[in-house]
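Report on the structure given below.
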């Protein structure tokens with residue numbers, strides 16, 4: 001009899017410590033007949049399968065080398081350590097069929113799909129109640145749809161397998177076009193909504209009706225089905241399926257949430273040490289950790305993209321931008337997302353010195369410097385990611401112990417989906433302005449200017465996605481689907497900020513003046529060794545060579 005193997009810890013964690021369940025044996029090896037005859041076991045298996053989805057910041061398939069974030073292969077950031085695959089493979093244009101640079105998830109995703117197909121077929125013959133079975137099948141179809149969405153946005157045309165394969169089947173499955181895969185995903189998600197509970201009833205760590213609609217809207221956006229994407233998103237904005245979704249009132253605190261924030265639609269919650277993520281270990285500033293740290297370093301280009309708090313770009317006449325005091329009066333999301341020289345992190349008492357980020361050049365701190373002079377321990381750009389830095393992680397965060405949840409889909413993204421899709425379908429109608437302005441008002445920013453053309457609005461929407469969703473694993477895929485990745489990334493030279501004390505400045509030991517701009521000079525410098533190459537072929541990942549070798553029906557993507 002086929003066996004389904006579970007980790008004891010996953011079983012215990014995902015069955016909420018049900019005492020009756022804990023009395024069952026054996027816990028290390030449970031047969032498939034047991035699973036489909038017991039609601040608790042069936043749900044545990046579904047939860048286990050959902051855990052295979054590539055959520056999160058670190059340690060998850062398809063998001064680059066583990067210490068840094070996907071942002072570091074875009075214009076958002078660069079990875080500090082030279083040995084990570086983002087640097088050794090991806091930004092060098094070195095992706096091959098045998099080395100995807102950490103971006104590939106072919107094997108993992110198809111294993112997940114196989115599990116979902118097993119669940120769907122297992123439930124068909126199960127004696128469990130109809131309502132439970134319908135919900136279980138809907139959850140499995142959601143996970144399968146998510147996997148196909150993620151596969152096709154990476155690889156393009158891929159095999160569509162919607163049933164359990166056996167040794168009697170022809171395993172040489174040919175590819176289905178990307179557009180047909182997107183159609184399949186949208187259709188699946190729309191069909192299962194009636195069998196899923198509302199978000200308010202189950203919480204955002206579970207698969208809900210709203211999660212299915214939101215993922216369908218995201219998929220329709222990628223498929224450039226503008227009217228459908230706008231309609232699906234609007235179901236969650238003004239329609240009866242809103243189910244209480246609103247923007248959380250504090251942008252900074254939103255990303256410190258440990259679960260079920262009012263803005264979150266679908267997330268992976270943490271429960272260290274059982275389930276955790278490692279943002280703190282890999283990305284905390286130097287003085288708040290004992291090792292690693294500072295692995296994902298925002299670029300000067302990203303910093304310069306943040307508007308002034310009056311809504312003007314720093315290059316606009318009358319913006320008020322002062323290059324000698326560059327961090328004053330910026331979009332509040334800048335202060336919530338990026339550690340810069342003088343940023344406060346006082347929620348954790350400093351382990352040494354003041355509770356502020358010290359990015360001064362060559363000073364043995366968080367900031368950059370000449371090679372060999374403190375450079376290896378700190379940021380290579382003069383900036384660090386603040387967005388997910390949770391004070392609850394404490395000093396020297398350990399692997400898997402960061403407590404913030406990973407919000408895979410949130411309401412702000414739905415508003416941005418609507419704005420982009422509706423603008424492409426109808427132009428800059430009033431509801432497009434309203435969607436964007438809701439996001440900006442939450443951030444404390446003024447409304448966007450009225451009277452924009454469709455093209456001007458498109459630029460505004462793309463800018464708003466970059467700022468609002470920064471470091472959330474959207475930027476790379478956005479550049480690909482907009483068809484501008486080569487224009488933006490090929491030859492991109494990242495820059496950082498060099499901060500030095502003026503000749504007449506008080507001694508550094510006189511700490512009240514340590515962060516005072518009047519005693520500092522700011523100059524932009526090129527980050528050496530991090531220039532990006534983006535070949536045309538990289539608009540799609542190569543199908544792994546091992547799969548090509550096994551399946552003669554597969555065609556390799558162009559350029560590989």
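Roughly how many whole Å is it from the C-alpha centroid of region 93-119 to that of region 401-459?
Each part's Cα centre sits 32 Å from the other's.
What does the highest-first list of 77-86, 408-417 look like by mean Cβ count within 10 Å?
Values: 77-86: 22.3, 408-417: 24.3.
In descending order of packing, they fall as 408-417, 77-86.
What's the angle, to the nearest 10 degrees (0 to 90), between helix 430-443's Cα axis and the longest principal axis of the chain?
On a 0 to 90 degree scale, this one is about 60.
Express in nm, to one decimal, how much length is gained between residue 242 and residue 275 on full extension, taking 0.36 nm for each residue of separation and deducting their alpha carbon distance.
Additional length available on full extension: 8.9 nm.
On C-alpha positions alone, give me the angle between the axis of helix 226-237 and the longest principal axis of the chain, in degrees, nearest 10.
90 degrees
Using only alpha carbon pairs under 8 Å that are at least six residues apart, calculate the relative contact order of the chain and give it in whole percent. The partial results should precede the final answer.
Details: 1048 pairs, mean separation 96.4, N = 560.
After rounding, I find 17 percent.
What whole-number distance in Å separates the alpha-carbon centres of region 511-560 and region 138-165?
If you average the Cα positions of each part, the centres end up 26 Å apart.
Considering the zone a paramagnetic label at residue 550 would reach in this model (a point 7 Å from Cα along the Cα-to-Cβ line), which residues of region 94-124 have amide N under 15 Å from it?
Residues 98, 105-115 qualify, since their backbone N sits under 15 Å from the label point.
Report the semi-axes of the equivalent ellipsoid for region 192-309 in whole Å, largest first, where each axis is √(5λ) for an eigenvalue λ of the Cα gyration tensor.
32, 21, 14
Would you mind getting me the FRET efficiency between residue 250 and residue 171? Use the beta-carbon distance for r and R0 = 51 Å, nearest 0.05. All intermediate terms of the calculation are to be shown ahead of the outcome.
Working: r = 51 Å, r/R0 = 1.01.
After rounding, the FRET efficiency stands at 0.50.
Enumerate the residues in region 408-448 having an amide nitrogen under 20 Å from the point lying 7 Å beyond the Cα of residue 227 toward its Cβ.
417-432
Answer rounded, prolate or oblate for region 112-251, using the Cα gyration tensor with square roots of eigenvalues a ≥ b ≥ c: rounded when a/c is under 1.5, else prolate when a/b is larger than b/c, else oblate.
On the way: a/c = 2.45, a/b = 1.29, b/c = 1.90.
The shape class here is oblate.
Hey, for a label at residue 437 modelled as a point 7 Å past Cα toward Cβ, could you say which residues of region 375-411 have their backbone N under 14 Å away?
none
Can you bin region 404-560 into rounded, prolate or oblate? Criterion: square roots of the alpha carbon gyration tensor eigenvalues sorted a ≥ b ≥ c, rounded for a/c under 1.5, prolate for a/b above b/c, oblate for the rest.
In terms of gyration-tensor shape, oblate.
Based on the mean of other beta carbon atoms within 10 Å per residue, what is the order of 388-400, 237-249, most packed first?
Descending mean neighbour count gives 388-400, 237-249.
Do the sum for the chain: with -39,500 (n - 2.57) for every DSSP H run of n ≥ 4, divided by all residues, what is the mean residue ellipticity at 222 nm, to the nearest 500 deg cm²/dmol?
Mean residue ellipticity, 222 nm, calculated: -10500 deg cm²/dmol.
If the chain between residue 325 and residue 505 were fully stretched, how many nm would it gain, using 0.36 nm times the residue separation less the Cα-Cα distance?
Here the segment from residue 325 to residue 505 would lengthen by 63.2 nm.
Measure nothing but the geometry: give the 0 to 90° angle between the long axis through the Cα atoms of 130-155 and the longest principal axis through the Cα atoms of the chain, rounded to 10°.
So the inclination is approximately 50 degrees.
When the chain is fully extended, how far beyond the present Cα-Cα distance does residue 531 get from residue 316, taking 0.36 nm per residue of separation?
My answer for the length gained is 74.6 nm.
Hey, any idea what the orientation-averaged projected area of the convex hull of region 334-459's Cα atoms comes to, in nm²?
Average of the hull's projected areas for region 334-459 equals 10.7 nm².
By its C-alpha gyration tensor, with a ≥ b ≥ c as the square roots of the eigenvalues, how is region 266-360 shaped: rounded for a/c under 1.5, else prolate for a/b larger than b/c, else oblate?
prolate
Can you give the FRET efficiency for residue 162 and residue 463, using 1/(1 + (r/R0)^6), R0 = 45 Å, r = Cβ-Cβ distance, to the nearest 0.05?
Result of the calculation: an efficiency of 0.70.
For a Förster distance of 45 Å, can you work out the FRET efficiency between the beta-carbons of residue 429 and residue 130, rounded to the nearest 0.05?
So, using R0 = 45 Å, E works out to roughly 0.55.
Since every read-out is calculated from the coordinates, none of them should be taken as a lab result. Please read these numbers as outputs of a predicted model, since none were measured by experiment. Quick reminder, even Gly has a Cβ in these numbers, built from the backbone with ideal geometry, and neighbours come from all protein chains shown.
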